[in-house]
Amino acid sequence: MLRLGDILKTIREEKGLQLSEVQQQTGIDMSQLSRFETGKRLPTVEQLDLLSALYQIDSSLLRIERESDRIITSFDDPELGLKSLEVAKEKLTQGQKYLNMFRDSNLAEPLGLSSRRYIGSKAKLVDWIYETIAEETNDIHSFCDIFAGTGVVAERAVQLYDNVILNDLLYSNNVIYKAFFAPGEWNREKLCDIITGYNALDPDRIQPNYFSDNFGGKFFEESEAKRIGYIRQDIENRRHSLTEKEYAVLIGTLIYNIDKIANTLGHFEAYIQKPISHKPLYLKLIEARTVPGIQIYREDANQLARHIHTDLVYIDPPYNSRQYSRFYHVYETLVKWDYPDLFGVAMKPAPENMSDYCSNRAGAAMLDLVQHLDCHYIAVSYNNTYKSKSSSSENKIQLEELRNILETVGPTTVHEHKHRAFNAGKTDFKDHKEYLFITTVND
Ligand SMILES: C[S@@+](CC[C@H](N)C(=O)[O-])C[C@H]1O[C@@H](n2cnc3c(N)ncnc32)[C@H](O)[C@@H]1O
């Protein structure tokens, strides 16, 4: 292995100097000089500076060689040594942030589909939903989650049934489904390399950008908002060298990780009006996989209903006036990346993808939906927040109305489960209940 000694000897010979001449000019004993060149001893920093001056070579170059010799001689196991060097580099460059990186990559749960904050997510109800479906239905092979939200209900369906359809109006949900489930080529190592580069970005060297100009100091700390905007643009710049799946996995990864540092209560209607605590963005790849035969749509549920057939359709729409495209507008903007003008305190774009289910048309929309589905069973989640004191949380469809709508297509059973839900502080949830309707559709 090349060491400092070899370098010192080469320079001396290039300069045409004998060891005795070096001794004369530096005052370093000849036997010591010889031991330096054979690698039996390392010169002190002062001795090295004398040699640099004599050889007319930048002293910092020789000091680096000396330090690297010190490092390699301290390793018994070369492989462990190399890995330790990489870690040492991270510690030096990341400083205090290193602890967060260690925690996230070694102690935190992997970034699975259900690890995201989402209003109305059924993550905690999935077992109960499928137990009820199993009790009430027979012979299910295909499943459609037509208001899929996070996709946690469909995720279980993927394990149980041959064919699964996921649908949601939001662009951000669509890209997340593609990231977690869509078939297609992708290279995990390539994406890990890209992410490692993102994690090493120094915010002080990044220019303010669309994302930081609009969301910095509000939903995200200024420095982290700059990194998010930079990363999103970089993903776009690389698009030609990424497969569709890789593109989706990178964007999905960005969304899942920024959810962990967002200065919010889990949605972007508002941000927390306190100084933002420092949480550096450290990206971790999501648990992406490919599921053959899965179908992913971003359509209005009522339109999609008219051209699909599955054994069971699971329906979990919004039930009050609060629109998901407004709750998650930051992710919509991040995914579309078309730099819209933004308005108001929460920096929202012009309304898009507004759902009929959040309006007074909800009952009519639900009736139209169930009457146009081509399936054997319909399972509908329903939660009653209608005792709420906040009018925006009032249900647009009442429980009896929903039962009547479902009875128009077949006999319906109602199942009840107690569940705590999203609560902006005004709602009394003592009576809060979660229901599941199962309709066996008439032939
Ligand atoms: C209550 S959430 C679904 C939650 C989901 N079951 C979960 O566990 O994450 C309702 C979803 O319906 C979507 N949505 C609203 N109106 C829609 C429509 N007309 N067609 C399709 N999706 C719609 C919203 O974007 C939202 O993600």
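The values are calculated or read from the model by the stated rules, or taken from the named source; none is laboratory data. Nothing here was measured: the structure is a model prediction, and the numbers come from that model. Note that we place each Cβ from the backbone using ideal geometry, even for glycine, and neighbour counts take in every protein chain shown.
Take the residues in the stretch 180-190 that are more than 15 Å from the ligand (Cβ to nearest atom) and at pLDDT 95 or above, then tell me which one is surrounded by the fewest Cβ atoms within 10 Å (Cβ to Cβ).
Out of the qualifying residues, it is Glu185.
Across the stretch 56-72, a minimum of one residue is classified as at pLDDT below 85 and surrounded by 13 or more Cβ atoms within 10 Å (Cβ to Cβ).
For first residues located in the stretch 38-58 and within 9 Å of Gly5 (Cα to Cα), partners that are surrounded by 12 or more Cβ atoms within 10 Å (Cβ to Cβ) and among the aromatic types (Phe, Trp, Tyr) and lie 6+ apart or on another chain with Cβ distances below 8 Å form the pairs Leu42/Phe36.
Could you tell me whether Leu342 is more than 15 Å from the ligand (Cβ to nearest atom), under 25 Å from Gly217 (Cβ atoms) and buried (at least 19 other Cβ atoms within 10 Å of the Cβ)?
No, not satisfied.
May I ask you to list the residues in the stretch 115-135 that are within 14 Å of the ligand (Cβ to nearest atom) and not in a loop (DSSP other than H, G, I, E, B)?
Here is the first cut: in the stretch 115-135, the residues within 14 Å of the ligand (Cβ to nearest atom) are 115-130, 133.
Answer for the stretch 115-135, where residues must be within 14 Å of the ligand (Cβ to nearest atom) and not in a loop (DSSP other than H, G, I, E, B): Ser115, Ala123, Lys124, Leu125, Val126, Asp127, Trp128, Ile129, Tyr130, Ile133.
Counting the residues of the stretch 221-236 that are part of a helix (DSSP H, G or I), without any contact (Cβ under 8 Å) to a residue 60 or more places away in the chain and farther than 10 Å from Tyr210 by Cα gives 7. Could you give me the residue pairs with C-beta distances under 7 Å whose first residue belongs to the stretch 352-374 and is aromatic (Phe, Trp, Tyr), whose second residue is more than 8 Å from the ligand (Cβ to nearest atom) wherever it lies, and which are 6+ apart or on separate chains? Every condition considered, the pairs that remain are Tyr357/Lys396. Restricting attention to the stretch 150-164, the residues that are away from the ligand (no atom under 11 Å from the Cβ), surrounded by fewer than 22 Cβ atoms within 10 Å (Cβ to Cβ) and under 23 Å from the mean Cα position of the chain (by Cα) total 2. Only one of the numbered conditions (1) at pLDDT 95 or above; (2) of a type in the set (D, E, K, R); (3) over 17 Å from the mean Cα position of the chain (by Cα) is violated by Glu246, and that is (3).
Taking Asn138 as the residue in question, decide whether it is within 11 Å of the ligand (Cβ to nearest atom) and either assigned by TED's automatic domain parsing to the domain that holds Ser355 or surrounded by 16 or more Cβ atoms within 10 Å (Cβ to Cβ) (or both). Considered against the rule, which asks whether it is within 11 Å of the ligand (Cβ to nearest atom) and either assigned by TED's automatic domain parsing to the domain that holds Ser355 or surrounded by 16 or more Cβ atoms within 10 Å (Cβ to Cβ) (or both), Asn138 comes out as no.
Only one of the numbered conditions (1) under 27 Å from Phe102 (Cα atoms); (2) more than 16 Å from the ligand (Cβ to nearest atom); (3) in contact with a strand residue (DSSP E or B) (Cβ under 8 Å, 6 or more places away or on another chain) is violated by Pro208, and that is (1).
The single condition among (1) more than 15 Å from the ligand (Cβ to nearest atom); (2) at pLDDT 95 or above; (3) in a helix (DSSP H, G or I) that Asn174 does not meet is (1). Every test in (1) buried (at least 16 other Cβ atoms within 10 Å of the Cβ); (2) in a helix (DSSP H, G or I) is passed by Gln303 save one, and that test is (1).
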